[in-house]
Amino acid sequence: MKPEMAWELTLEAGPLLVFGGPCSNLQGLRAVRAEAEARGIPPQRVICTGDLVAYCGDPAPCVAEIRDWGCYLIGGNMERQLAENALDCGCGFGADSACDRLSGAWFAHVDAQIGGADRQWMAGLPDLLQIDWMGRRVLVLHGAMSAVNRFIWSTDPDDLFENELAQVPGPRPDIVLAGHSGLPFQRVIGGSLWLNAGATGLPPNDGAPALRYAVIDSDGKAEIHALPYDFEAAAQAMERAGLVQGYQTCLRDGIWPSEDILPLGLRRG
Ligand SMILES: [Fe+2]
C-alpha cells in the first residue's frame, strides 16, 4: 500500500492546526474543530492525516462532520480500504495479534455504516499533500512514504526517517506531517521536522483520556497539545453500537487494550 495520489497546494500565512486519526470518535472530532475555531485557525489551515473512521462508535457522523468543516484530509489506510470495499482495516497489524483480532468487530461496524457515496468521496482523497506554506515545503502523509500503513515511532533510528525522506518526490521537505501510529512526537532529522500529532480518536496510551493535536506557529515551531473532551459520551456511543471488545474502556482510562503493535520501549508494562 504505497502512497500514490498527491495534491500540490499553497496555504495562506498563519499557524497550522494538525490532527490525526479521528477514528469514528465524533466527540473528539467536534472538540478539535472547536479548538481550531477558538484559536481562529480557519479550515484552510487545518490538516487531518487520515483514518477518519475506525475504532469508535460514529463513523458516518464523523464523515458528515469533517465534510461540513471543510478542512484538509488525506486518505489513510482506512479510507483506502473502504474506497476499495476491502474486507479488513489494512492497519498492518500482525496476523494473530490482539489488534488484528480486535479489529474484526470495529471494522464490521464501520463497514456497515459507511455507504457508497462516502466511499466514493474517500476514493477521491489524496494519499499525500505537498504544500508550500510560507516558503516551507510541507509534506503530509499517513504512515510513511514506503507504505501508507507503516508504523513509525519516536524510538525509530534516524536512518529509518532518512530513508523515508529520501522517497519523497521532489525536494526534501522542511516539515513532514504524519499519522497512523497514534502516539504523538516530533523529531528533527537532518534539518527536517517530522511531526506526528497523535490522534483525536484514542488517547495516547498514557493513562488519561485526553486526545492530542498539534499547532505549528508561523515560525515553523510545533507544539503538541492535550485535547480534553466528552470521553464519557464517546464511550457510551461505542457501547450502544455493541463495540465492547476493549477500546471503549480505553476512552475512559487512557490505556490501549493491546500493546502488541508498540515497540518494547513504548509499552507501559
Ligand atoms: Fe492508519
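Summary table below
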| read-out | value |
| --- | --- |
| Which of SER24, TRP7, SER97, positive extreme of dipole for region 1-100 (C-beta unit charges) | TRP7 |
| Relative contact order (percent, whole number), region 6-266, Cα cutoff 8 Å, 6+ residue spacing | 24 |
| Rounded, prolate or oblate (a/c below 1.5 giving rounded, otherwise prolate when a/b exceeds b/c) for region 6-266 by Cα gyration tensor | rounded |
| Under Karplus coefficients 6.51, -1.76 and 1.60, residue-wise ³J(HN,Hα) of region 6-17 in Hz, glycine/proline x | 10, 9, 10, 8, 10, 9, 5, 5, x, x, 9, 10 |
| Magnitude of the charge dipole, the chain, Cβ model with Lys/Arg +1 and Asp/Glu -1, debye to 20 | 180 |
| Taking N as its residue count, the alpha carbon Rg of region 31-185 over 2.2 N^0.38 Å | 1.07 |
| Which of ARG119, ARG212 has the fewest Cβ neighbours within 10 Å, and the rest in rising order | ARG119, ARG212 |
| Cβ-based exposure ranking for MET134, MET122, in which fewest neighbours within 10 Å come first | MET134, MET122 |
| Calculated FRET value between ASP219 and ARG252, using beta carbons and R₀ = 30 Å, to 0.05 | 0.20 |
| Top of CYS250, CYS48, CYS23 by mean-square fluctuation, Gaussian network on the chain, Cα under 10 Å | CYS250 |
| Net dipole in debye of region 53-100 [+1 Lys, Arg Cβ; -1 Asp, Glu Cβ; about Cα centre; nearest 20] | 140 |
| Projected area averaged over orientations for region 1-43, convex hull of C-alpha atoms, nm² | 4.4 |
| For VAL176, residues with placed amide H under 5 Å, excluding near neighbours | LEU139, LEU193, TRP194, LEU195 |
| Stretch in the chain that is longest and holds no GluC sites (Glu not before Pro) that DSSP places in a loop and that have at most 15 other beta carbons within 10 Å | 85-269 |
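Where a number appears in this text, it was derived from the coordinates with a stated rule and is not lab data. Computed from a prediction, not measured in an experiment: that's the story for all the values here. Ideal geometry is used to build each Cβ from the backbone, glycine not excepted, and the neighbour counts take in all protein chains shown.
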